[in-house]
Amino acid sequence: MADWFEAATAQDECGALARAVRWDLTPLGDPETWPAALRSAVELCFSTRFPVMLAWGPELTMIYNDGYRPMLGTEKHPAAMGSAAKAVWGEIWGDIEPSFRQVLETGVPTWEVDLPLRVERSGFVEETSFSFSYSPLRDEHGAVVGVLDIATETTEQVVSARRLATLTALSTALAATPGGADDQVRIALAALDASVDVAYACVRLRDAEGLRVVGRHGEPSDDIPLAVLDAVADRGGTTILGSTVVAALSDTRDDEAAGVVVLEASARRPFDAGNREFLQLMASTIGAAVTATLRRLRELDEVATVSRALQEAMLPSPSSLDGAAVRYRPADGRLSVGGDWFDLVDLSDGRRGLVVGDCVGHGLEAAAVMGQLRSAARALLLENGSPATTLLGLDRYARTLPGAEFTTVFCGVLDPAAGTLTHATAGHLPPALITADGADWLREARSTPLGLTVGAGERHEAVTAVSAGDVVLLYTDGLVERRDSTLRIGLQRLLDLAPTLRNGPLDDAVDGLLGQMLTADVRDDVVVLLCRV
């Protein structure tokens, strides 16, 4: 085994597996004879925590790191190491082979965002989504003989956004439906017809004869015994049987439940905590609407609670941010998020990505667009680490996403070791850099909002020197725009207050800033992010 290969794979569990594979008996041969390009790719693969896979040679023999391993699941790993890509990914080869072919035959990289794939990796055919890029690997003669796969799994984001849309459609339909409980049930089941996350639904209401079936959707994998349904209706609460949730339809002021709702999850997704929570939220939504026919005043509170539960999952928790403080104030007080977003992304070598964006509009529609743009921005930044390249990728994505046009974005990469902030802006208001000498705007590398560029030359980035203790202030226009004043006045007021933000705890600083900048007439989403070098 070559010394360089031992060193390159020493810090990675999959690297240990790679060393254990007898390379001299595989199509790759002895590592000592590998081309320089393959050596470099292997060293890159095992030096990063980001998911990386190499496919080399005529058989596209796979090498991958620990970050890539969860994508393989328990059924593919560890056998995938040193195996042909087609053998490992046979069930989706028809979906991904064209991308491999493009790279191998033309040398042109590929880029996919949230590509849906049906993968067999956990004992069943699983619905998944991935954002990834295939890039060419060349031999010493310049011929493309391999593929570098930089990937991230976006299944949870895609499924969460879809579940949010289902809950929103269900809540909206129920809220607009007059009539009795039977009408509410029929509307609820009709809304589930378009959902791929619920395989079966049944609602039973209590009457003199017992639990009467009001409506069904789909077919169950197993019938739930009537005795179980009666027990849930009598005692209230929720029972989980396999991948099925049985919940009582009850109001806290009712002596007994109005009935039960049965929801079975799709077999295409693991029945994990998120799936259980989703079905329980669905059951809660249906139950809230049915009992609200009897207790009308309780309906809006139940529906609002359900909506907030998944919306809050679309943004990171401010309490988990190290060295930064963030505040988010949606324009719609009934929601947890709107069209604005922020993100802090840990990159390699101690660098940190900073992103703040503002979609047009408010409410759930803007929040749905925001969630997709935020996921794409994170994937792009993790892949390339360049603010300008990230904005170019968002440009392409925004042109395919209705409602994403005219979104403004600031993207920066803070490198404390180098003492730099590399940044680019797409139509967004300028950030402020707060140093020991005061505060000033970062006005360089500005360009148009997303979806308006016509060429790669329209996205540039600038590099600004920073020192330890400096604070970067990012925000959205809700902080400075007022109906009774000009934007220039709002920006000047913010710049005047900015120097006070450099010292002391960042949480106290951002709360103090909001207290001085916001008034009762603010009708726009507000994001404020402080990040200390």
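The values are calculated or read from the model by the stated rules, or taken from the named source; none is laboratory data. This structure is a prediction, so every number in the text was calculated from the model and none was measured. Here the Cβ positions follow ideal geometry from the backbone for every residue, glycine too, while neighbour counts run over all protein chains shown.
General remarks:
- Counting only strands (runs of 3 or more DSSP E) that sit completely within the range 370-456, those holding 1 or more residues that are buried (at least 22 other Cβ atoms within 10 Å of the Cβ) correspond to 408-415, 420-426, 432-435.
- Matching residues, the range 193-214, being aliphatic (A, V, I, L, M), touching a helix residue (DSSP H, G or I) at 6+ places or on another chain (Cβ under 9 Å) and either touching a residue at least 60 places away in the same chain (Cβ under 8 Å) or farther than 25 Å from R163 by Cα (or both): V196, V198, A201, V203, L205, L211
- Close contacts from the range 391-411, counting a first residue that is of a type in the set (D, E, K, R) and a second that is buried (at least 23 other Cβ atoms within 10 Å of the Cβ) and modelled with pLDDT under 95, with Cβ to Cβ under 6 Å and a gap of 6+ residues or different chains, come to D395/L450.
- Each residue in the range 42-70 was checked for being surrounded by fewer than 22 Cβ atoms within 10 Å (Cβ to Cβ) and aliphatic (A, V, I, L, M), and 1 of them qualify.
- Listed conditions (1) in contact with a Pro (Cβ under 8 Å, 6 or more places away or on another chain); (2) touching a residue at least 60 places away in the same chain (Cβ under 8 Å); (3) not β-branched (V, I, T) are all met by D470, apart from (1).
- Flag for L495 being in a helix (DSSP H, G or I) and free of Cβ contacts under 8 Å to residues at least 60 places away in the same chain: no
- The C-beta contact set for the range 73-85 (first residue under 11 Å from S122 (Cα atoms), second residue assigned to a helix (DSSP H, G or I), distance under 7 angstrom, 6+ apart or interchain) comprises K76/V88; H77/R69.
- Evaluation of V246 against the conditions (1) touching a residue at least 24 places away in the same chain (Cβ under 8 Å); (2) in contact with a helix residue (DSSP H, G or I) (Cβ under 7 Å, 6 or more places away or on another chain); (3) buried (at least 17 other Cβ atoms within 10 Å of the Cβ); (4) not polar (S, T, N, Q) shows that the sole unmet condition is (1).
- Applying the set (1) in contact (Cβ under 8 Å) with a residue 12 or more places away in the chain; (2) surrounded by fewer than 19 Cβ atoms within 10 Å (Cβ to Cβ) to V113 leaves exactly one unmet item: (2).
- Boolean, A181 is of a type in the set (A, V, I, L, M, F, W, C) and either touching a residue at least 12 places away in the same chain (Cβ under 8 Å) or within 30 Å of Y68 (Cβ to Cβ) (or both): yes
- Within the range 129-152, at least one residue is touching a Cys at 6+ places or on another chain (Cβ under 9 Å) and either of a type outside the set (S, T, Y) or free of Cβ contacts under 8 Å to residues at least 40 places away in the same chain (or both).
- Hits in the range 457-481 - residues which are outside any loop (DSSP other than H, G, I, E, B) and among the charged types (D, E, K, R): E458, D477
- Listed by position, the strands (runs of 3 or more DSSP E) enclosed by the range 198-269 that each have at least 3 residues that are among the β-branched types (V, I, T) are 238-241, 244-249, 259-265.
- Residues within the range 506-533 that are assigned to a loop (DSSP other than H, G, I, E, B) and free of Cβ contacts under 8 Å to residues at least 24 places away in the same chain, tallied: 1
- Matching residues in the range 341-368 - criterion: being surrounded by 24 or more Cβ atoms within 10 Å (Cβ to Cβ) and part of a helix (DSSP H, G or I): A366, A367
- Lone qualifier among A7, A18, A80, A87 - being assigned by TED's automatic domain parsing to the domain that holds V144, surrounded by 20 or more Cβ atoms within 10 Å (Cβ to Cβ) and either outside any loop (DSSP other than H, G, I, E, B) or in contact with a Cys (Cβ under 9 Å, 6 or more places away or on another chain) (or both): A18
- Selection status of S243, within 23 Å of F124 (Cα to Cα) and of a type in the set (S, T, Y): yes
- Taking the conditions (1) modelled with pLDDT of 80 or more; (2) over 31 Å from the mean Cα position of the chain (by Cα); (3) among the acidic types (D, E) in turn, D182 satisfies each one other than (1).
- Qualifying residue in the range 105-127 (condition: outside the structural domain of A377 (by TED's automatic domain parsing), in a helix (DSSP H, G or I) and either hydrophobic (A, V, I, L, M, F, W, C) or farther than 24 Å from L17 by Cα (or both)): yes
- Residue check for R502: of a type in the set (K, R) and more than 29 Å from the chain's Cα centre (by Cα): yes
- Residue match in the range 94-109 (condition: over 15 Å from E153 (Cβ atoms), among the small types (G, A, S), surrounded by fewer than 16 Cβ atoms within 10 Å (Cβ to Cβ) and modelled with pLDDT of 90 or more): yes
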